[in-house]
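The values are calculated or read from the model by the stated rules, or taken from the named source; none is laboratory data. Since this is a predicted model, take the numbers as computed values, not measurements. With ideal geometry, Cβ positions are generated from the backbone for all residues, glycine too; neighbour counts draw on all protein chains shown. To get the accessible areas, we keep the full protein, side chains included, count just its heavy atoms, and leave off ligands, DNA and RNA. Shrake-Rupley method; radii C 1.70, N 1.55, O 1.52, S 1.80 Å.
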Amino acid sequence: MDNRVIIGGQWGDEGKGKVVDALSEGVDWVIRYQGGANAGHTIFIGEQKHVLHLVPSGILRPGVKCLLGGGMVIDPWSLRDEILALEQRGVEVRGHLQISASAHMLMPYHQRLDELREGRLKRQSIGTTGKGIGPAYLDKVQRTGMRMGDLRLPPEHIERKGIEKILSANELLSEFYQADPLPSRVLAEELVVLAKFLAPLIVDPHQVLRPVREGRETALFEGAQGTLLDIDHGTYPFVTSSNCTIGGVLTGTGLPPKVLGEIDGIFKAYLTRVGNGPFPTELLGEEGETLREAGGEYGATTGRARRCGWFDLPAARYAVDVNGITGVIITKLDVLDIMPTVKVATGYELDDEVLDYFPVGSGALSRCRPVYREFPGWDRPSAPCRALADLPSAARKYLEFLEEQLGALIIGVSVGREREQMIWTPTGVTT
Ligand code: IMP
């Protein structure tokens, strides 16, 4: 098993959790490198549904070591609760999970500021998950944040530092937002208790990842969110605050490029988006509703209904280019089983022009109208299929078209939520 990076090719929710779970058998490490509890990775094992927000999906494979990388923003309260909830269900966490000392701490005031800021923006809001992600990265960039490594300080230092940060956030809360201040002493004392629980898991990432750097141990890098939500390469300002694209793996782990291995892009067979921002292939009517219901398209983190639409090829090609994707995995093909026809955007109409590429940085995307190619739906379900040859021929034609247009091999197709509903196609889908 080589090292692999699993990257979302769209606006998140592509089904990365399932893919990471499938590919983590036999690897030494599963490493998250960016984002925080805004992610919601859902995995079904038999009848058990696991929704993970911070802990890497690899935790469900006994013996796999998991790392929360330095590029993440971690809410210690949520992390403790997630660990305890997993342990209550019989998943061994504390023997396997490690936390980079350089990951930033997401504090209750970040969450409060996120809500208040979104409230002020009203109709121009981003539609964040409300988990405090933007304010936490803001503190990191303006060099006022606390890091997970701080939880290894003596209790009185943690308490003092905590109080200092909360008091300073309280000034912003009360003076700028006219909101109630947070109880600094109570929260700082809670932080000291959390430190006792989490400190044994906090590690120096440069030391623990030495075997990965030296090629003696293998790693799977688990991306959160997706390319189009990347702070630099996504549909700014309707993005998250981290680098969900390939560069985030390097900055979020401190590992050099040579260890990355294969770069797999995960794409749903259609497209969804949560939150605001342009979405040229969005289906606002009945078809969108049908996709949402068939795909269970409700956020794993916030429960919000996801916006649904057709596969957008220019956007997907952009994701392939930006990340250097070497293998594509198409998920939720079975959701299209009920559609009488399936459409794919091959380009956009913008003013009097037809674009065959994804326009970046100009706000033009919101004025783009999709140009579609239509495919007939398939006559029988793909969900029971376990090999490429079993798939209905119309579904195969659809996949072959995507493979040709993306310029990268489709190496896997997921046809349902269960672990075994996966078809591996290492040499692609075109015969
Ligand atoms: P934030 O990451 O909470 O700041 O939210 C910024 C944008 O990213 C919003 O549109 C969110 O809906 C979106 N977003 C954040 N995390 C995810 C995710 O895991 N899946 C899908 N969308 C996400």
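Out of the GluC sites (Glu not before Pro) in region 377-431, which ones are loop residues according to DSSP with at most 15 other C-beta atoms within 10 Å?
Numbers: sites: 400, 403, 404, 418, 420; in loops: 418, 420.
When the GluC sites (Glu not before Pro) of region 377-431 are filtered for loop state and at most 15 Cβ neighbours within 10 Å, 418, 420 remain.
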If you add up the charges near residue 292, with Lys and Arg at +1 and Asp and Glu at -1, over every other residue whose beta carbon is less than 9 angstrom from its beta carbon, what do you get? -1
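Around residue 163, what is the net charge, scoring Lys/Arg as +1 and Asp/Glu as -1 over all other residues with Cβ under 15 Å from its Cβ?
Working: positive: 160, 161, 165, 185; negative: 150, 156, 159, 164, 171, 189, 190.
That works out to -3.
Can you compute the charge dipole magnitude of the chain about its Cα centre, using +1 on each Lys and Arg Cβ and -1 on each Asp and Glu Cβ, nothing else charged? Give it in debye, rounded to the nearest 20.
On the way: 47 positive and 56 negative charges, 162 e Å.
The calculated dipole for the chain is roughly 780 debye.
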To test your reading of the geometry: what angle, between 0 and 90 degrees and rounded to tens, separates the Cα axis of helix 313-323 from the longest principal axis of the chain? 50 degrees
Under 28 Å Cα to Cα from residue 49, which lysines show up? Leave out anything in the same chain fewer than 8 places away. 16, 18, 65, 131, 268, 332
Cα-based helix-to-principal-axis angle, 155-171 vs the chain, degrees rounded to 10: 70 degrees
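Would you please put 321-328, 289-296 in order of how densely packed they are, using the mean number of other Cβ atoms within 10 angstrom per residue and starting with the highest? Please list the in-between numbers first.
Values: 321-328: 20.6, 289-296: 17.0.
Answer by packing, highest mean first, reads 321-328, 289-296.
Lys and Arg at +1, Asp and Glu at -1: add these up for the other residues within a Cβ distance under 12 Å of residue 145 and post the number. It would help to have the intermediate numbers written out before the result.
Details: positive: 140, 143, 147, 161, 165; negative: 139, 150.
Around residue 145, the charge tally is +3.
Could you calculate the contour length gain from residue 236 to residue 124, that is, 0.36 nm times the residue separation minus the distance between their Cα atoms, to one decimal place in nm? List each step's numbers first, then the result.
Values: separation 112, 0.36 × 112 = 40.32 nm, distance 1.26 nm.
The span from residue 236 to residue 124 would gain 39.1 nm if fully extended.
Keeping the other protein chains in place, figure out the carbon and sulfur percent of the accessible area of region 267-431, with a 1.4 Å probe. Spell out each step's value before the answer.
Details: 3520 of 7020 Å².
After summing per-atom areas, the C and S share lands at 50 percent.
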Quick calc, residue 393 & residue 305: beta-carbon distance into FRET formula, R0 35 Å, rounding 0.05, result 0.60
Solvent-accessible area per residue for the chain (1.4 angstrom probe, square angstrom): 41 Å²
Report, to the nearest whole %, how much of the accessible area of region 1-54 belongs to carbon and sulfur atoms, 1.4 Å probe, protein only. 42 percent
Placing one equal point scatterer on each C-alpha of region 267-431 and summing with Debye, one gets log10 I(q)/I(0) at q = 0.10, 0.19 Å⁻¹ equal to -0.36, -1.34
Normalise the Cα radius of gyration of the chain by 2.2 N^0.38 Å (N = residues in it) and let me know the number. 0.98
Of 257, 296, 270, which is farthest on the positive side of the dipole of region 251-323, counting Cα position, with +1 on Lys and Arg Cβ, -1 on Asp and Glu Cβ, and the Cα centre as origin? 257
Label-point separation (nm) for residue 178 and residue 356, each offset 7 Å from Cα along Cα-to-Cβ? 5.6 nm
